[in-house]
Amino acid sequence: MSTLELEQQGALSAEPELGERIAVKPKGADMPIYIFLAASAILCVVSFFVLDLNWGKVIERIPNLGSVVAEMLHFSLDKFDLTISTLMETIATTILAVFYGLIIGMVVGAFGAKNIAPWKGLATVIQCVLTFVRAVPTTVWALLILACMGFGISAGIAGLLFHTIAFFGKVFAQTFEEVPEETLEALRAAGANRIQIFFGAVLPASLTGLIAWSALRFEITFGEATILGMVGAGGVGYTIMAAVNSYQLGRAGLAVVLVFIFAYIIEAVTTTMKGKLKVL
Amino acid sequence: MHKKEADKIAVASKESKRVMNIFLVVLAVLFIGATAFSKFNPFEMLATQGEFWRFITQDFLLPKFKNWGTLWDSIAETIAMAVGSTGVSAVIAFLLAFLGTSSICRLKSVNYVVRMVASVLRNIPALVWAFILVAAFGIGTETGVIALCVSTVGFLTRSFIETLDEVAGENMEALKSTGAGILPVISQSILPAALPGFIAWFLYCIETNIRASTILGMVGAGGIGLLMNGYIKQYNYHAASTVIIVVAVVIIGVNILTEYLRKITLK
């Protein structure tokens, strides 16, 4: 119950007193925000009533958590080469899923952008399909692929491709749609065909965005590739799962730390790149 | 003056060209390395895609389903898990963010510890947390809620710190010079300015947590994933497809709702 009280207190402290402020905005302009905060606080409390969690059990088992964490931090180098090679496999899967997703997504995006698609109905259909693909979690796509392709690195890549294609397809369609109509008009008037317009105007306009989006997607896909192993595809997720299931917690702990280090490096690189691209 | 401006433009475009080239080279190297390591051949996949379509059209579609009652209960549980854990995480992250930003909390060591903890929490995927927590707490919805909270606190703390840093800058200086104490500065200046940013991140987390909570069940941490995984494991694909379509509809619905909320709270 203590978390509920915490939530309520938080919602209250998040609302500064209106009257004492010098009004910079017309009064009542912030109303939707306060209604929103109150509504989410209520929804959150209702959620916990719906869930009806057994906190007694959790508190009782907190010592368990301590011993699990302690054992995991007691790193074991047992089968370390296997951990490293599965991590490499996950990284390779991530790279290939992002690479092929980027290329296929670019084509899909070109057909999904309303201003350059050869047929407007097609653009709408493509965007609906992309929305559906993104709404089904990656792990589910991966499970379906596993069911018909069997295990292996190709199945992992194919499972990840659903979301990377949908992501890049949406991002590219949006970027392409931002190209001003006048530019396209001018090129058409000059006699350029569709393919020339695409490579001459549309693609160059989206290049800086492309780098930032790929970096972001790489970060997300690495997380997804890691958890794919836990539902049966290969990679470092499988190592973590197998190690925990056979009570080799030290080995699992080391694998988790390696995943963290790699994710941390990607994040650091992405952040620096974002800063640099802003300067350009 | 004219010449200087022209120079500037040339340098910028050269620079962006250089960045682009570096990006392409890095992409090519990564691609070749990964292909050599995994021996992945996309054409092989194209050759076997017939099997995939046969699977989708015959084993998977059309959906057939009986246990609607169980399905609705699981959906309600999944949504409650996502909303509840995002709410609790937002409150915790809200408090941590003040300790994590150097513009409010002057202790550099506290900033550092908060940022480091947040980084560990968010860079390990939620499902991995769930798996570790299942080992300690056993299977159940409680574990799922805690796992979601762990990764969401990590993500929101960083995002809230970023928002605070953006907002704090000049406002702080101006108000401090008038002699305002730290609490009035926070409640009168920083909070109102940061609130829209906080809400945007909160809504983003609701979206990602709805997705995450649908798969937590696969490691035994409650929600609709349990049901879905069960049907797939039993090769009952017609039932699985029903659950998957319902999940997709719920996620799309939540995205439409959060999009609407973003519009009304952030204008």
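Computed from the coordinates by the stated procedures, all read-outs in this text should not be read as laboratory data. Keep in mind it's a predicted model, so treat the numbers as computed, not measured. FYI the Cβ positions are ideal-geometry reconstructions off the backbone, even for glycines, and counts take in every protein chain you see.
By other beta-carbon atoms within 10 Å, ranking A:74, A:163, B:238 with the fewest at the front produces A:74, B:238, A:163.
Can you pull the Kirkwood radius for chain B, inverse mean 1/r over Cα pairs, to one decimal in Å?
With all distinct Cα pairs of chain B included, I get 22.5 Å.
Selection among B:202, B:116, A:110 by position relative to the dipole of the protein assembly as shown gives A:110 as farthest towards the positive end (Cβ unit charges, Cα centre). Positive end of the charge dipole of segment A:129-211 (Lys, Arg +1 and Asp, Glu -1 on Cβ, about the Cα centre): tell me which of A:183, A:211, A:159 has its Cα farthest that way. Farthest towards the positive end: A:159.
Placing a pseudo-label 7 Å from each Cα along the Cα-to-Cβ vector at residue B:116 and residue A:31 gives an inter-label distance of 4.9 nm. Ordering A:214, A:76, B:151 by the number of other Cβ atoms within 10 Å of each residue's own Cβ, fewest first, gives A:76, A:214, B:151.
Overall, chain A carries a charge dipole of about 680 debye about its Cα centre when +1 sits on the Cβ of Lys and Arg and -1 on the Cβ of Asp and Glu, all other atoms neutral. Sequence-ordered 3J(HN,Hα) estimates for segment B:129-140 from the Karplus curve with 6.51, -1.76 and 1.60 and θ = phi - 60° stand at 4, 4, 5, 5, 5, 4, 4, 8, 9, x, 6, x Hz, glycine and proline given as x.
Computed about its Cα centre, the charge dipole of the protein assembly as shown is approximately 1000 debye, with only Lys, Arg, Asp and Glu carrying charge at their Cβ. Would you please classify the overall shape of segment B:131-238 from the alpha carbon gyration tensor, given that a ≥ b ≥ c denote the square roots of the eigenvalues, rounded means a/c under 1.5, and beyond that prolate means a/b larger than b/c while oblate covers the rest? Note, shape of segment B:131-238 comes out prolate. If you plug the beta carbon distance of residue A:195 and residue B:21 into 1/(1 + (r/R0)^6) with R0 = 22 Å, you get a FRET efficiency near 0.40. Think of chain A as having a plus end and a minus end, set by charges on the Cβ of Lys, Arg, Asp and Glu; of A:249, A:200, A:126, A:200 sits farthest toward the positive end of this dipole. Overall shape: rounded for the protein assembly as shown, with the ratio a/c of the largest to smallest alpha carbon gyration tensor axis below 1.5. Report the FRET efficiency, 1/(1 + (r/R0)^6), for residue B:234 and residue A:270, where r is their Cβ-Cβ distance and R0 is 35 Å, rounded to 0.05. Plugging the Cβ-Cβ distance into 1/(1 + (r/R0)^6) gives 0.30. Loop-located trypsin sites (Lys or Arg not before Pro) in segment B:36-99 (DSSP state other than H, G, I, E, B) with a sparse environment of at most 12 neighbouring Cβ atoms within 10 Å: B:39, B:64, B:66. Between the Cα long axis of helix B:141-177 and the first principal axis of chain B there is an angle of about 20°, rounded to the nearest 10. With coordinates expressed along the principal axes, the C-alpha atoms belonging to chain A extend over 74, 63, 38 Å, beginning with the largest.
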